[in-house]
Amino acid sequence: MFPELNAILNTSPDNFKQGELILVSDRRADASFLVHHFLSFYLKAGCKVCFLGLAQSFSHYSAVSQRLGVSLTQAKEKGQLIFLEVLNESLDVLLQKTSNTKSQALDFLRDPAVGLRGLYDFVRASVSDSGVGGEDDGGVGTVGRWGPPVLLVDDLTVLLSLGVSVGSVLDFSHYCFVTVCSQLKGNMVTLVRCEGEEDEDEDGDEEGSERLLKGLTHQCCLTLHVQGLPTGFCRDIHGQVEVCWRKTQKDKPSNQRKLFQYKVHDKGASFFARGTSSAVL
């Protein structure tokens with residue numbers, strides 16, 4: 001995890017808010033380093049983590065996490081981390097070689113029209129210790145030896161490229177939010193990638209990702225939007241991230257925004273106010 005980012009967000013593994021949806025997005029930049037931050041953050045916090053790896057293999061996430069001081073293999077063996085490696089499971093699902101919990105979660109690969117109910121059922125079972133909950137949690141179950149559950153998704157726009165509709169992805173996100181954040185008082189972190197320019201209004205994946213981003217923005221409590229530098233490439237500054245805290249005061253939305261520039265290192269990342277990097281001073 002990145003201590004500088006924790007300071008910006010006023011959080012730590014020992015003291016963090018629960019019941020939040022955190023939306024990570026990028027445009028003309030790569031925000032995946034923030035996914036690695038939150039993965040290591042919540043594992044170090046002792047949370048039960050369900051990770052939907054739609055974009056990369058387990059070995060990729062494991063190698064990066066090792067640099068951040070976290071062993072994903074050990075977390076899996078202890079039962080703290082439930083990892084769905086879609087890249088590895090997808091071929092067996094398409095060829096119908098196996099029929100297990102993970103393959104049922106990916107039924108949408110054979111027929112996107114069936115929706116994401118199977119994937120939601122996988123998430124619901126993963127963040128709960130049992131399939132039967134108490135009276136207070138609507139039958140979801142409670143987390144036992146671990147802290148509050150966390151769902152991480154990298155990244156939701158992959159589902160659009162696989163033929164799933166924007167509406168189905170938003171419904172999936174909503175049901176996960178109700179289960180993980182509202183009922184179990186855990187957190188969600190999702191990544192959405194927007195390929196085109198912000199003012200583009202064209203048909204295709206860009207339009208779908210823009211609609212997905214806008215829909216999730218209304219649900220989230222915190223957004224981190226990563227962009228490339230307006231002035232172009234810089235060796236010492238990799239981009240900028242806009243942090244937005246979304247709150248409701250007297251039934252009216254109130255947003256607080258701050259803009260930072262960043263540089264990703266081999267074992268972390270540095271964040272600084274715009275124009276204060278040593279590269280531009």
Can you work out ³J(HN,Hα) from phi for every residue in the range 63-79, in order, using Karplus 6.51 cos²θ - 1.76 cosθ + 1.60 and θ = phi - 60°, giving whole Hz and x for Gly and Pro?
5, 5, 5, 4, 5, 8, x, 10, 9, 5, 4, 5, 5, 5, 5, 7, x
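Quick one: which of 68-75, 182-189, 9-16, 149-156 comes out on top by average Cβ neighbours within 10 Å, and what's the full order, highest first?
149-156, 182-189, 68-75, 9-16
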Given a Förster distance of 30 angstrom, what is the FRET efficiency for Ser71 paired with Glu4, based on the Cβ-Cβ distance and rounded to 0.05?
0.85
Once you list every other residue whose beta carbon is under 13 Å from the beta carbon of Val24, what net charge do they have if Lys and Arg are +1 and Asp and Glu are -1?
-4
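Only the coordinates and a few stated rules stand behind these numbers; no lab work does. All figures in this text were calculated on a predicted structure; none of them were measured in a lab. Glycine gets a Cβ as well: all are built from the backbone with ideal geometry, and neighbour counts include every protein chain shown.
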